[in-house]
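In what follows, a structure is listed as structure tokens, so that the remarks can point back to it.
The values are calculated or read from the model by the stated rules, or taken from the named source; none is laboratory data. Just so it is clear, the structure is predicted and the values come from calculations on it, not from any experiment. For neighbour counting, all protein chains shown are included, and Cβ atoms are generated from backbone atoms with ideal geometry for every residue, glycine included.
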Amino acid sequence: MTATYSVESKIQNFMALRDTSADFIAGAAQIEGIGGASSSRLSQAFRGRPLPIETAVPLEKMIDNLERYCASVHPIPVSLRNPVVIVELVNAFRMRSESMSRPIPFTIVLIGPLLFKRIVSGVIETTDSYQECAAFKDATTAHAAARILNENMGQIGVRFTTITNEHRPAESISDKLADVGFEQ
């Protein structure tokens, strides 16, 4: 009998929940380079002969990755029949998840419905793209830009706000008004 929270139980629960087989798990383990996880060895483990630690630890990690992938596409069912295809999808998903980072907050200036981009030869340029607009590291600089645009350049409907949900390279976020065409 296996323990309630053992790797063996976890694998059995995963197989029952995701309607897959020991053959799929063994195939995926082989692709991942996890030794000692053949179908017959898994069958023995389910009947009470525990997996060795060098097999159990990476196998548990693989099951966790499979479960995270399946959960990420829910409610779309994932057919866990072809380990070659699934392992490739899971690894791509895992690498994307690891590479995702939190966006760096930046402050923008709006002129009416458009985003302030820069001043070129005294002409104000605007855009509708968060990637092209002027982005400031702090609200103080953006406030100064908005004030100059409103009071000194006669723009109406000028305001500023902080954006926290857009990815933008850190090097494109400025801390100086001169970077976007203001004369100091």
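For Leu114, the conditions (1) surrounded by 13 or more Cβ atoms within 10 Å (Cβ to Cβ); (2) touching a helix residue (DSSP H, G or I) at 6+ places or on another chain (Cβ under 8 Å) all hold with the exception of (2).
Assess whether Gln131 counts as being surrounded by 14 or more Cβ atoms within 10 Å (Cβ to Cβ) and assigned to a loop (DSSP other than H, G, I, E, B). When the stated conditions are applied, Gln131 does not pass them. Answer yes or no as to whether Leu110 is in contact (Cβ under 8 Å) with a residue 40 or more places away in the chain, over 30 Å from Ile63 (Cβ atoms) and in a helix (DSSP H, G or I). In short, no. Among the residues that make up the stretch 65-81, is at least one of them farther than 30 Å from Glu166 by Cβ, assigned to a loop (DSSP other than H, G, I, E, B) and without any contact (Cβ under 8 Å) to a residue 24 or more places away in the chain? Yes, the stretch 65-81 has at least one match. In a residue-by-residue description of the stretch 168-179, the property of being at pLDDT 90 or above and among the β-branched types (Val, Ile, Thr) applies to at least one position. There is no residue in the stretch 96-104 that is surrounded by 16 or more Cβ atoms within 10 Å (Cβ to Cβ), closer than 20 Å to Gln12 by Cα and touching a residue at least 12 places away in the same chain (Cβ under 8 Å).
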